[in-house]
Amino acid sequence: MIYRVDEHKGRLALQAISRNAASGLMLKKKIDLALTPHINWSWLVEKKLQQLNGRTKSGNDFIARIYVVIDGGFILWKTKSLNYVWSSNQDKGLIWDNPFAGSSVKMMSIRGKGSEKGKWYQEKRNVYQDLIE
């Protein structure tokens, strides 16, 4: 996996280039969701994945994703996660449990099979609301 910061289609962006690989970048930060509940990002994809069923273990792969982890501390079963995904085969706006972790990880298709390649999409999510729904 190669990461680089570059201008892409008129915006400064973190570009991830992958060939049959997965990886991730992580930012560990304590955030008070009562004061700062929103997360904002922009994303664009150039290619879509084959038609995988993202609701199954064998198809749990996405073009792009933003993973938000709410740390439960020493009480591991209180750790919750939101996985905002750009799905190649799900419709936009769907929510389901992660096939590996169950209900402790909520999958949300923010962009879906009808979303255009090569186009920037600006996203804003209320993490607090997404956690309690």
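The values are calculated or read from the model by the stated rules, or taken from the named source; none is laboratory data. Given the structure is predicted, the values throughout are model-derived calculations rather than measurements. A quick note on method: Cβ atoms are made from the backbone with ideal geometry, for glycine too, and the neighbour counts reach across all protein chains shown.
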key: Extreme residue, modelled with the highest pLDDT, among residues of the range 75-125 that are more than 17 Å from residue 44 (Cβ to Cβ) and aromatic (Phe, Trp, Tyr)   = 96
ask   = (1) surrounded by 10 or more Cβ atoms within 10 Å (Cβ to Cβ); (2) under 15 Å from the mean Cα position of the chain (by Cα): which one isn't true of residue 18, the others all being true?
value = (2)
message = Can you list residue pairs whose Cβ atoms sit under 7 Å apart, with the first residue in the range 99-119 being on the phi > 0 side of the Ramachandran plot and the second being part of a loop (DSSP other than H, G, I, E, B) and among the aliphatic types (A, V, I, L, M)? Count only pairs 6 or more apart in sequence or on different chains.
response = 118/44
request  = Exactly one condition in (1) in a loop (DSSP other than H, G, I, E, B); (2) loosely packed, with under 10 Cβ neighbours inside 10 Å is not met by residue 40; state its number.
outcome  = (1)
query = How many residues are touching a residue at least 24 places away in the same chain (Cβ under 8 Å) and in a helix (DSSP H, G or I) if we restrict to the range 74-89?
reply = 1
query = Out of all the residues in the range 122-129, is one or more of a type in the set (D, E, K, R), touching a residue at least 60 places away in the same chain (Cβ under 8 Å) and surrounded by 11 or more Cβ atoms within 10 Å (Cβ to Cβ)?
reply = yes
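Is one or more of the residues making up the range 57-73 assigned to a strand (DSSP E or B), modelled with pLDDT under 90, out of contact with any helix residue (DSSP H, G or I) (no Cβ under 7 Å at 6 or more places or on another chain) and closer than 24 Å to residue 13 by Cα?
Of the residues in the range 57-73, the ones assigned to a strand (DSSP E or B) are 64-70.
Going one step further and asking which of them are modelled with pLDDT under 90, we end up with 64, 70.
Okay, now just the ones that are also out of contact with any helix residue (DSSP H, G or I) (no Cβ under 7 Å at 6 or more places or on another chain), so 64.
Now drop any that are not closer than 24 Å to residue 13 by Cα, which leaves 64.
Yes: the range 57-73 contains one or more residues that are assigned to a strand (DSSP E or B), modelled with pLDDT under 90, out of contact with any helix residue (DSSP H, G or I) (no Cβ under 7 Å at 6 or more places or on another chain) and closer than 24 Å to residue 13 by Cα.
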remark   = Listed by first then second residue, the pairs whose first member lies in the range 20-48 and is under 13 Å from residue 62 (Cα atoms), whose partner is among the hydroxyl-bearing types (Ser, Thr, Tyr) and assigned to a loop (DSSP other than H, G, I, E, B), with beta carbons under 7 Å and at least 6 positions apart or on separate chains, are 48/88
query = For residue 93, all conditions in the list (1) outside any strand (DSSP E or B); (2) out of contact with any Gly (no Cβ under 8 Å at 6 or more places or on another chain) hold save one; what is the number of the exception?
reply = (2)
inquiry  = Filter the range 4-33 down to the residues that are under 20 Å from residue 118 (Cβ atoms) and of a type in the set (Ser, Thr, Tyr) and list them by number.
reply    = 18
